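Trainee: One structure, pasted below without further comment.
The values are calculated or read from the model by the stated rules, or taken from the named source; none is laboratory data. Since this is a predicted model, take the numbers as computed values, not measurements. In this analysis, Cβ positions are derived from the backbone assuming ideal geometry, glycine residues included, and neighbour counts consider all displayed protein chains. Side chains are part of the model used for accessible areas, which takes the heavy atoms of the whole protein and leaves out ligands, DNA and RNA. Shrake-Rupley method; radii C 1.70, N 1.55, O 1.52, S 1.80 Å.
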Amino acid sequence: MHLKFLRSKFGVTYFMLILFMLYLATMLPVAYSEISERELYKVQANIPPKGAAEYNIAVDKSSYIVFRISLIAAEDLSKAISINLLRDHEEYTQYYCIKGVNNVYGWSRLKPGNYRLIISNSIEKTIPVYGYILLFRSYDPRLPRLINEKIYGVKDSPVPVGIADYGVYIDKETNQLVCYRYLTKEVVGIAYINKLDGYSVNPYNKDRKLGELSLQLNLIVEARTLDGKLHTLWIQNIYVLKNYSNALYYRIDDEVQNITVFGRNIIDPHAVSGRGKVAPYEGALVYQYYDENWKPLSKPFKPTLLLLYVKVNGNKIYFAHGYFVNENDYFYEVQGEVALTGYKDLNIVVDGCNFIGKPLDMELVIGGRDANYRLFVVNNIDMRLALLIKNTTWVSPPATWTIGTSPIEKALNVASDLDHPIVARLTKGEPKAKQLWSKDVSSKVSLPKLELYIVRFFNGDIKHTCYANYCYRRIKS
């Protein structure tokens, strides 16, 4: 059964809320706060017949390397390319390499020493390649981490805070990091807002403040072009919220970016259609839809339930947003569709075993309003977040963490912790990068099952439903 937000031509509103029932095993919180510099090596070469391209990498302390190489060819030549890693002129076998259609990527933990990464061509034909090699010092890039940077003289570490699935978890028996990968077609994020007070700050002028923040559902979508090449898209489904004069307002901001290679790729304006438009952003072109005007959620401020929903199907991405305020307000449907010309086989992906410069993760987090007002400073907050994915039935992510890393919008003075078995609670405090829960899954084990209990609200019906410990009813308006 699919989650749908529909309004019929007769004005009948169908509203579905989600009741969670799942008991998880004992959670193992693990904190990670260290961060240091990284090095980027760009790969762009024409590898001659039976030849090779080499890249020298000096490692002075334990580091982590990831690489992704794309082949520029009409036919699949991935079998003709091989990757070798040498340490001090000897073969280094402790690395992983995966091949796709004209794509090769891999990763390894490196000990101190001098390395050579060699890209070899085994056929009698020149093969153009491009991509990158990233060297991370002292930390595993798949793990969430605090940023340890000062903003306006504040020593705390601002990060996007909430609930995130990185495709990695800490095995509670071995205390080792384990990665997993899965695909899904639908994701829903839920936020229950009981208290909200704070402001976003412009980093270019610290005196400029706005009483606004963003609630973001950030996803990675893999899509194939019609000729079979795999592209990676970053999807943002966003509420911008404002608590003004004891009333809560919102705007919607949906974005699609191409991040197939490190950094941003350009979205072809002719390859995407929807209610939004393709616009320039920091040297790239991104698809964006946003509300020009604020819309009221509640006046005066009341506890509010918000939903963010993304579904992919064929070559389309569907966005939906909804709210439910107390018992006298109803679900408001805002649903958009983005069609991608020249793409097929879209899948939402979480993959902790791969890394392309941005984690292939899933995040439901809060932060500053936008790129201009990047930091949200919390005065007071009480918010609960839940994240569900579609796997035949609706299930919770296998493992989740308390902070995100993808968006540049960050939050200060807010912490995420476990409130219910699969619900994160945001309160005022100091952020910590820790594991909320883990089912100790692996890529060979199916995702945990969580039944989704649906309550439909038809015209004129009075029914009750509960989210966590909070119950609501909808009455005919």
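Trainee: Give me the one-decimal nm value for the distance between modelled label points at Ser273 and Glu39, 7 Å along each residue's Cα-to-Cβ direction.
Mentor: 4.8 nm
Trainee: What's the FRET efficiency of Tyr290 with Asp197 using the Cβ-Cβ distance as r and R₀ = 22 Å, to the nearest 0.05? It would help to have the intermediate numbers written out before the result.
Mentor: Values: r = 24 Å, r/R0 = 1.09.
For Tyr290 and Asp197, the calculated efficiency is 0.35.
Trainee: While we're looking at this one, here's another question. Between Ile98 and Ser120, what is the FRET efficiency for a Förster distance of 22 Å, r being their Cβ-Cβ separation, to the nearest 0.05? Display every interim value, and only then the final one.
Mentor: Numbers: r = 17 Å, r/R0 = 0.76.
Step by step, r from the Cβ atoms, then E = 0.85.
Trainee: Multiply the residue gap between Lys172 and Asn56 by 0.36 nm, knock off their C-alpha separation, and tell me the result in nm, one decimal place.
Mentor: My answer for the length gained is 38.0 nm.
Trainee: Next question, about the same structure. Give me the percent of accessible area attributable to carbon and sulfur for the stretch 104-240, probe 1.4 angstrom. List each step's numbers first, then the result.
Mentor: Numbers: 2380 of 4980 Å².
Here carbon and sulfur together make up 48 percent of the probe-accessible area.
Trainee: Working from the pairwise distances between different alpha carbons, so that the mean of 1/r is found and then inverted, what is the stretch 334-421's Kirkwood radius in Å?
Mentor: Working: mean 1/r = 0.0626 Å⁻¹.
Value: 16.0 Å, from the Cα pair sum.
Trainee: Compare the peptides 213-226, 112-125 by average per-residue count of other Cβ atoms within 10 angstrom and give them in order, highest first.
Mentor: Highest mean packing first, the order is 213-226, 112-125.
Trainee: In this model, which of Lys242/Lys390; Lys242/Lys295; Lys209/Lys242; Lys209/Lys428 are farther than 21 Å apart at the alpha-carbon?
Mentor: Long pairs (Cα-Cα over 21 Å): Lys242/Lys390.
Trainee: Would you tally the net charge around Asp345, using a Cβ to Cβ cut-off of less than 9 Å, leaving Asp345 out, and scoring K and R as +1, D and E as -1? Spell out each step's value before the answer.
Mentor: Details: positive: Arg224, Lys344; negative: Glu222.
Counting the neighbours of Asp345, the net charge comes to +1.
Trainee: Related question: Tell me the chymotrypsin sites (Phe, Trp or Tyr not before Pro) within the stretch 147-202 that lie in a loop according to DSSP and have at most 16 other beta-carbon atoms within 10 Å. Don't skip to the answer; put the middle values down first.
Mentor: On the way: sites: Tyr152, Tyr166, Tyr169, Tyr180, Tyr182, Tyr192, Tyr199; in loops: Tyr152, Tyr166, Tyr180.
Answer by residue number: Tyr152.
Trainee: Please give the Cα centre distance for the stretch 61-117 versus the stretch 136-150, rounded to the nearest Å.
Mentor: Cα centres, the stretch 61-117 to the stretch 136-150: 22 Å.
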